[in-house]
1. Restricting attention to region 65-87, which residues are in contact with a strand residue (DSSP E or B) (Cβ under 8 Å, 6 or more places away or on another chain) and either touching a residue at least 60 places away in the same chain (Cβ under 8 Å) or under 12 Å from residue 177 (Cβ atoms) (or both)?
2. Would you say residue 216 is surrounded by 13 or more Cβ atoms within 10 Å (Cβ to Cβ) and within 19 Å of residue 326 (Cα to Cα)?
3. Quick one: residue 286 ticks every box in (1) outside any helix (DSSP H, G or I); (2) under 18 Å from residue 205 (Cβ atoms) bar one, so which box is it?
4. Where residues in region 270-281 are loosely packed, with under 15 Cβ neighbours inside 10 Å and in a loop (DSSP other than H, G, I, E, B), which of them is nearest to the ligand (Cβ to nearest atom)?
5. So which residues in region 196-213 are over 22 Å from the mean Cα position of the chain (by Cα) and surrounded by 15 or more Cβ atoms within 10 Å (Cβ to Cβ)?
6. Hey, can you tell me all the residues within region 300-320 that are touching a helix residue (DSSP H, G or I) at 6+ places or on another chain (Cβ under 7 Å), outside any helix (DSSP H, G or I) and more than 15 Å from the ligand (Cβ to nearest atom)?
7. What's the number of the condition residue 92 fails, among (1) touching a helix residue (DSSP H, G or I) at 6+ places or on another chain (Cβ under 6 Å); (2) modelled with pLDDT of 90 or more?
Ligand SMILES: [Zn+2]
């Protein structure tokens, strides 16, 4: 986002805020800004949100970071998993850009990693924008071409976020592309769901009317709308599994994971060594009431999967790529 030169002094005064939001610092000059200009700058600085991409972020956010690292010359596998190679690439990028090389993607790293992009761009970084727009409910082809469709999706996101809707992806818009879904078609409870970090008791869940799907109360409005939309398209969404109590997650681990003792089977065997992969107790999105294993969705050829692939993004609901049936609030 371009800041008019006469606002430079105001930005100087806001240097601390700018540093914490990842906005580029601007050197002060002698021009005195008007009160109205000051208000604009304050609003713009306040408009950025503090976002971190970590191992527990959505697969879309992690993939986008990997795409951007690759675009910046730090080739990284785009697998949606924030492992040692991604951490090393982030550190190398930070060192080159004179940032603290902590391997974590925070506001300052995002500001350097995400170039300013607008209609007409055709590059790898635009693929990251498209992935993140799809996470936010769009259905764009991830082709790296910033055309009218991508611009319209950026404008829509900016409007939902209360930003200047100019269709240009600058530092502030990047902070809204990453992180929790903005607005979306959800039930308005998504903000609450982003605060859920551990298992919930049954009293924190509810069954979506007319289904066997039990989810966290924060997610029920979203899922109710999604189920209704599927039904209108002739697709019935039912669950093989949705919310799980901590006890049932432990029982599942005991059943699916190899190990000599109960302790090892339930608490120590990596998820990937279980058949099917089964998250450790306390970490499954099912325990949070923020994941659904859909019935009749055993492969990508099913009617259910095809409908979800085309529509779930509008509700901020994402698929775990290794399991066509597993859909959650963040793709984990
Ligand atoms: Zn699942």
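The values are calculated or read from the model by the stated rules, or taken from the named source; none is laboratory data. No experiment lies behind these values; they were computed from the predicted model shown. Every residue, glycine among them, receives a Cβ derived from its backbone with ideal geometry; neighbour counts consider all protein chains shown.
1. Hit for region 65-87 is 65, nothing else.
2. Against the criterion (surrounded by 13 or more Cβ atoms within 10 Å (Cβ to Cβ) and within 19 Å of residue 326 (Cα to Cα)), residue 216 qualifies.
3. Of the numbered conditions (1) outside any helix (DSSP H, G or I); (2) under 18 Å from residue 205 (Cβ atoms), the odd one out for residue 286 is (1).
4. Filtering region 270-281 for residues that are loosely packed, with under 15 Cβ neighbours inside 10 Å and in a loop (DSSP other than H, G, I, E, B), the one nearest to the ligand (Cβ to nearest atom) comes out as 276.
5. The answer is 204, 205, 206, 208, 211, 213.
6. 316
7. Only one criterion is unmet by residue 92, namely (1).
This table checks each residue for (1) within 14 Å of the ligand (Cβ to nearest atom); (2) touching a residue at least 60 places away in the same chain (Cβ under 8 Å); (3) outside the structural domain of residue 298 (by TED's automatic domain parsing); (4) crowded, with 16+ Cβ neighbours inside 10 Å.
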{"site": "235", "(1), (2), (3), (4)": "no, yes, no, yes"}
{"site": "249", "(1), (2), (3), (4)": "yes, no, yes, yes"}
{"site": "258", "(1), (2), (3), (4)": "no, no, yes, no"}
{"site": "262", "(1), (2), (3), (4)": "no, no, yes, no"}
{"site": "265", "(1), (2), (3), (4)": "no, no, yes, yes"}
{"site": "268", "(1), (2), (3), (4)": "no, no, yes, no"}
